[in-house]
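**Q** After the structure tokens below, expect a handful of questions from me.
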Amino acid sequence: LPLPDLANQLTELANHIRLISCNAALPPAPAVATCDTAMDTSPQGTVEGPPTDAVAFRGQQPSKKQRRGPREFHFSRYRTRFVALELMYVGWAFQGFARQDNTENTIEGVLFSALRKVKLVPEAAVAPISDLNYSRCGRTDRGVSALGQVVALRLRSSARVDEPEAPLALEYDYPRLVNKALPSEVRVLGWTPVPEDFNARFCAQYREYKYFIVQQRLPPPPPPQAHPEVKTASAATSQPEDNGAVATAAVGAAEGSGQAQAGPSAEPLPGPVPDTDPNLDPDSVSDMDAGTTRCSYSLDIDAMRAAAAHFVGEHDFRNFCKPDVATVRSFRRRILSFTIEPVSTSTADKAHQVFAMTVRGTAFLWHQVRCMAAVLLMVGRGQEKPEVVSELLDVEATPGKPQYSMAPEEPLLLYACGFRGLSFRRSTPAMAGTMGDVAGLMHRHLIGAALTAACHSRLTKDDRCTGDVAALLSGVVGSAPHIPLLRRQTEPSVEERMTRRGIPWPPEPRQLGRGEGTGGADEEVEDDAMMME
């Protein structure tokens with residue numbers, strides 16, 4: 001029993017004992033339910049064990065805490081404020097951004113659960129999400145992360161309905177409140193009030209993605225076996241100048257005997273040549289083996305940059321997406337910029353360099369970024385020429401999309417969403433907590449990178465491995481032969497897909513205006529992963 005109830009029972013028992021001592025006629029005394037040996041008193045003062053029936057406590061009043069039920073929160077007493085929230089999340093463990101009926105393991109699922117927990121939005125049964133004027137800038141797919149995702153919705157304000165609107169300095173610190181109820185992989189970075197007609201999807205000026213790839217430095221091929229006589233001649237030529245006559249005689253004797261071959265084979269082997277690749281980490285130059293001529297790499301970054309330049313501008317990207325003819329009427333999109341630059345990382349393995357493919361555009365089709373990354377990786381591996389991008393963008397020459405797999409989703413990051421005149425408010429306590437959480441995630445992944453790099457380094461130095469180590473590291477050995485994209489079977493064209501659905505193909509697709517992130521209601525402008533796989 002609770003301590004107050006037990007104290008009440010002991011007090012009643014003491015009163016009964018005092019009355020018995022005065023020979024007063026008393027009803028049966030209530031027993032202490034928590035005692036192993038319950039007590040009762042008789043008129044003669046003897047102590048007996050009475051029945052421990054709950055009827056003896058029927059008249060007992062419950063405590064104040066027991067009488068008080070769950071407190072009901074009245075949202076009608078508070079004003080609301082229409083705000084935009086900037087979100088960051090690592091989406092590897094989530095089933096995408098958009099909420100789903102069959103799972104709560106989505107970014108929107110955990111976000112709205114946290115908003116309801118801290119009483120910033122009513123329960124779904126009281127006020128559905130549609131009543132909150134909710135909108136999102138992008139809809140990332142399963143496994144995709146984001147740093148600059150933006151959503152807009154109506155939240156409870158700190159001011160009551162009978163008070164004027166609260167100044168921004170006195171408003172709730174929304175990021176700090178919500179982050180307390182969110183998992184560590186999801187954080188609210190900032191907030192800002194927005195006009196009533198603001199829409200996170202249609203008001204976006206651009207969306208910027210980063211897709212991370214790894215450039216691997218491959219070991220040099222084994223040097224060719226030199227002829228024994230050539231070794232002698234080479235060794236002789238490396239002697240000091242005073243032995244030059246001896247070296248000349250040795251070479252002449254070899255030529256006269258016909259055992260040495262004329263030509264470059266009799267020349268001394270060239271010395272080390274410093275690598276001039278601008279993408280190479282300067283710290284890794286010292287790790288080059290003596291006697292090597294030039295390091296080889298798993299990806300040709302310059303060729304990938306030349307191919308990526310063809311994406312810039314307004315094009316029909318039907319061959320670089322998963323066509324969704326049910327919602328999309330125009331596959332023309334404008335790419336504002338496309339760069340491939342190295343990224344500084346703290347790893348123990350200098351043989352691997354991380355690059356970021358950064359693409360900025362007004363809008364993206366379903367899986368567009370991952371399809372573009374897949375084709376660029378084929379170019380980087382030397383399987384396709386850079387001109388294949390322009391050939392696939394020519395929908396008249398290539399009306400059907402060749403069958404190829406998309407790039408994985410884990411390296412994709414929605415880096416930023418651009419809005420005109422939008423500046424998010426950040427508080428020091430909220431950012432301090434977020435920085436600590438991000439540092440914890442980064443340390444965990446850095447340790448994992450160092451761990452796997454140690455395993456990889458030891459395996460590459462295993463002399464028991466037979467065959468070309470460079471081919472093993474580049475993944476050439478055991479892989480199926482590459483079929484050029486333009487020679488592959490194609491998927492049904494957009495016109496064929498629409499004919500099957502009975503949808504008329506628009507004769508003049510609407511053109512996107514300059515700086516226009518979205519078009520009319522018939523135009524789909526979600527990000528590259530607008531639907532669930």
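The values are calculated or read from the model by the stated rules, or taken from the named source; none is laboratory data. Everything numeric in this text was worked out from a predicted model, so none of it was measured. No Cβ is skipped: glycine too gets one built from the backbone with ideal geometry, and neighbour counts run over all protein chains shown. These accessible areas exclude ligands, DNA and RNA; they are computed on the full protein's heavy atoms, side chains included. Shrake-Rupley method; radii C 1.70, N 1.55, O 1.52, S 1.80 Å.
**Q** How many nm separate the modelled label positions at Glu163 and Ser21, each set 7 Å beyond the Cα in the direction of the Cβ?
**A** So the label points at Glu163 and Ser21 sit 5.8 nm apart.
**Q** Kindly state, to the nearest 0.05, the FRET efficiency for Leu170 paired with Ala127, given R0 = 25 Å and r defined as their beta-carbon distance.
**A** Calculated transfer efficiency: 0.50.
**Q** Could you sort 406-416, 109-119 so that the peptide with the highest average Cβ count within 10 Å comes first and the rest follow in order?
**A** So the peptides 406-416, 109-119, ranked by packing, come out 406-416, 109-119.
**Q** Residues with amide H under 5 Å of Ser158's amide H, sequence separation 5 or more or different chain, H placed in the peptide plane at 1.01 Å from N; which?
**A** Tyr172
**Q** Residues with amide H under 5 Å of Arg425's amide H, sequence separation 5 or more or different chain, H placed in the peptide plane at 1.01 Å from N; which?
**A** Trp191, Thr192
**Q** Give me the accessible area per residue for segment 324-425, probe 1.4 Å, as a whole number in Å².
**A** Heavy-atom accessible area per residue stands at 40 Å².
**Q** To the nearest 0.05, what FRET efficiency results for Tyr404 and Arg458 with a Förster distance of 35 Å applied to their C-beta separation?
**A** That pair, Tyr404 with Arg458, gives E of 0.55.
**Q** What is the Cα coordinate range of segment 87-177 on the first, second and third principal axes, sorted by size from largest, in whole angstrom?
**A** Answer, in whole Å and largest first: 44, 29, 20 Å.
**Q** Can you quote the Å³ per residue value for the convex hull of the Cα atoms in segment 73-118, rounded to an integer?
**A** Spread over its residues, the Cα hull of segment 73-118 gives 107 Å³ apiece.
**Q** May I pose another question? I need the phi-derived Karplus couplings for segment 171-177: 6.51 cos²θ - 1.76 cosθ + 1.60, θ = phi - 60°, integer Hz, Gly and Pro marked x.
**A** Result, ordered by residue: 6, 4, 7, 4, x, 5, 5 Hz.
**Q** Stretched out fully, how many nm does the piece from Glu387 to Leu10 gain, at 0.36 nm a residue minus the Cα gap?
**A** Result: 126.5 nm gained on full extension.
**Q** Output ³J(HN,Hα) for segment 377-393: one whole-Hz value per residue in order, computed from phi by the Karplus curve 6.51 cos²θ - 1.76 cosθ + 1.60 with θ = phi - 60°, and x for Gly and Pro.
**A** Result, ordered by residue: 5, 4, 5, x, 7, x, 7, 9, 8, x, 5, 5, 5, 5, 5, 6, 6 Hz.
**Q** Further question: Would you grab the residues whose amide H sits under 5 Å from the one on Phe355? Only those 5+ places off in sequence or on another chain, please, with H modelled 1.01 Å from N.
**A** Amide H to amide H, under 5 Å and 5 or more residues apart or across chains, Phe355 pairs with Ile213, Val214, Gln215, Val343.
**Q** To the nearest 0.05, what FRET efficiency results for Glu396 and Leu1 with a Förster distance of 56 Å applied to their C-beta separation?
**A** On the way: r = 85 Å, r/R0 = 1.51.
E between Glu396 and Leu1, to the nearest 0.05, is 0.10.
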